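What follows is a single structure, written as structure tokens, with notes after it.
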Amino acid sequence: MSVHSSLGRALSLHLWGESHGAGVGVIVEGMPPGTPVDADRIQAALDRRRPGTSDLVTPRAERDAATILSGVHDGRATGAPIHACIWNADVDSSAYADRHRIPRPGHADYPASVHYRGFNDVRGGGAFSGRLTAAYVMAGAIARPLLDACGIRVGAHLVQVGPERAEGEATMEAILSCAKRPGLACAEPGARGRMERCIRDAAAEGDSVGAVIECRMDGIMAGVGEPHFGRVDALLAYAMMGIPGTKGVSFGAGFDAAAQRGSAHNDPYAWDDGRVVCGSNNAGGILGGITTGMPLVFHVAVKPTPSIACEQKTVDLVSKTAATLRMEGRHDPCIGVRAVPVVEHLAAFVLADILRGEGRV
């Protein structure tokens, strides 16, 4: 198995693996020697993303037990590349026998087959599978001590599932608290129940729903980032679009800003105990690609799971005729549920990379 994707500048993230291959792993380079690397923290992060935990996610029964192969000794980074991985155990590839011939709508089967001349691994989506996001989670858990040292907290939760939305602004305490509870991670209890019903209703009909995930970062100092291609928002958006199923990323007021006037959208400045603060946060904590010192808030839109039991139209690439497909196998009715810790930990890695690159950690 070889490295097939990478991310990062001061810190380097390389991931490898396939959904139904031997496993999934990540190699993180650039961690300062002596930085704590807590195996329990990595495992706790993976457990939040692990399949088979409820009827809201795929029943695939994987332990997702993290193994650290290199770069850590006595619980601290040695300065060598840190290699962490999980091994696949509960693999059933029977539903993917014809995927080279009959591509699944909404999946990368067809364009990947063209790109890789038919040699791509189609089992479970291969390298395009959401299974690879476990690597993002491990990388973020490895990098988070760098943020801890700066007093920076990162949390994520669901603010929309299908048409069901959470109302109001969630505090960081509420976001972090909901991540510790079993079930769906939403900081608003009333919305959580509606979201769960929405997922179960779609699953009962053999269908799926999309979601919107909010990520919040508190404690970031003002002045972090560079203009243009070193923008904090640009780097975060680039990383978030690497999460399978992501269809959009917005910061602060996001697309709602288009309906606002400048007088409403601009965040007014004020003094608070000798510190410049904003009276609102429509900018999401970033102006000109540089942090303002306000909470950094962004949203990630995730599409409905494309693997559904409903009959779908497709084509037969061999006979060059029309075909229909009804997906069998084990699939998440809402991939946004398990994407919450992925967004959170990948954002943590990106921010740690930026801070490390600027010499702040």
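Assorted remarks:
- Restricting 257, 222, 239 to residues that are in contact with a strand residue (DSSP E or B) (Cβ under 8 Å, 6 or more places away or on another chain) and surrounded by fewer than 20 Cβ atoms within 10 Å (Cβ to Cβ) narrows the list to 222.
Conditions (1) out of contact with any Lys or Arg (no Cβ under 9 Å at 6 or more places or on another chain); (2) of a type in the set (Phe, Trp, Tyr); (3) surrounded by 23 or more Cβ atoms within 10 Å (Cβ to Cβ), marked per residue:
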| site | (1), (2), (3) |
| --- | --- |
| 125 | no, no, yes |
| 143 | no, no, yes |
| 147 | no, no, no |
| 151 | yes, no, no |
| 189 | yes, no, no |
| 196 | yes, no, no |
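- Of all residues in the range 2-22, those satisfying the criterion of being over 20 Å from residue 108 (Cα atoms) and either hydrophobic (A, V, I, L, M, F, W, C) or in a strand (DSSP E or B) (or both) are 7, 10, 11, 12, 13, 14, 22.
- Looking at 259, 253, 179, 211, just one residue is within 29 Å of residue 330 (Cβ to Cβ), of a type in the set (A, V, I, L, M) and modelled with pLDDT of 95 or more, and that residue is 211.
Residue-by-condition table, conditions (1) under 20 Å from residue 185 (Cβ atoms); (2) in contact (Cβ under 8 Å) with a residue 60 or more places away in the chain:
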| residue | (1), (2) |
| --- | --- |
| 209 | yes, yes |
| 212 | yes, yes |
| 215 | yes, yes |
| 224 | no, yes |
| 229 | no, no |
| 233 | no, yes |
| 241 | no, no |
| 250 | yes, no |
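- Residue 56 satisfies every condition listed in (1) within 22 Å of the chain's Cα centre (by Cα); (2) buried (at least 17 other Cβ atoms within 10 Å of the Cβ); (3) at pLDDT 95 or above except (3).
- Taken as a whole, the structure places residue 195 among residues that are at pLDDT 95 or above, touching a strand residue (DSSP E or B) at 6+ places or on another chain (Cβ under 6 Å) and within 17 Å of residue 339 (Cα to Cα).
Here is a yes/no grid of residues against (1) loosely packed, with under 14 Cβ neighbours inside 10 Å; (2) over 17 Å from the mean Cα position of the chain (by Cα); (3) modelled with pLDDT of 95 or more; (4) on the phi > 0 side of the Ramachandran plot:
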position	(1), (2), (3), (4)
154	no, no, yes, no
160	no, no, yes, no
163	yes, yes, yes, no
184	no, no, no, no
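- Just one of (1) crowded, with 19+ Cβ neighbours inside 10 Å; (2) in contact (Cβ under 8 Å) with a residue 24 or more places away in the chain; (3) under 19 Å from residue 221 (Cα atoms) fails for residue 278. It is (2).
- Just one residue in the set 37, 28 is out of contact with any Leu (no Cβ under 8 Å at 6 or more places or on another chain), at pLDDT 95 or above and buried (at least 22 other Cβ atoms within 10 Å of the Cβ); that residue is 37.
- With a requirement of 3 or more residues that are under 24 Å from residue 54 (Cβ atoms), the helices (runs of 4 or more DSSP H) lying completely within the range 97-186 that satisfy it span 133-148, 172-179.
- The number of residues in the range 107-152 being under 18 Å from residue 356 (Cβ atoms) and over 16 Å from the mean Cα position of the chain (by Cα) comes to 8.
- Test for residue 175: is it farther than 27 Å from residue 68 by Cα and surrounded by 16 or more Cβ atoms within 10 Å (Cβ to Cβ): yes
- The criterion of at least 1 residues that are within 21 Å of the chain's Cα centre (by Cα) and among the aromatic types (Phe, Trp, Tyr) is met by the following strands (runs of 3 or more DSSP E) wholly inside the range 263-319: 296-302.
- Scanning the range 332-347 for any residue that is of a type outside the set (A, V, I, L, M, F, W, C), under 24 Å from the mean Cα position of the chain (by Cα), surrounded by fewer than 22 Cβ atoms within 10 Å (Cβ to Cβ) and in a loop (DSSP other than H, G, I, E, B) turns up nothing.
- A single entry from 47, 55 fulfils the requirement of being under 25 Å from residue 334 (Cβ atoms), assigned to a loop (DSSP other than H, G, I, E, B) and not polar (S, T, N, Q): 55.
The values are calculated or read from the model by the stated rules, or taken from the named source; none is laboratory data. Nothing here was measured: the structure is a model prediction, and the numbers come from that model. All Cβ positions, glycine included, derive from the backbone under ideal geometry; neighbour counts span all protein chains shown.
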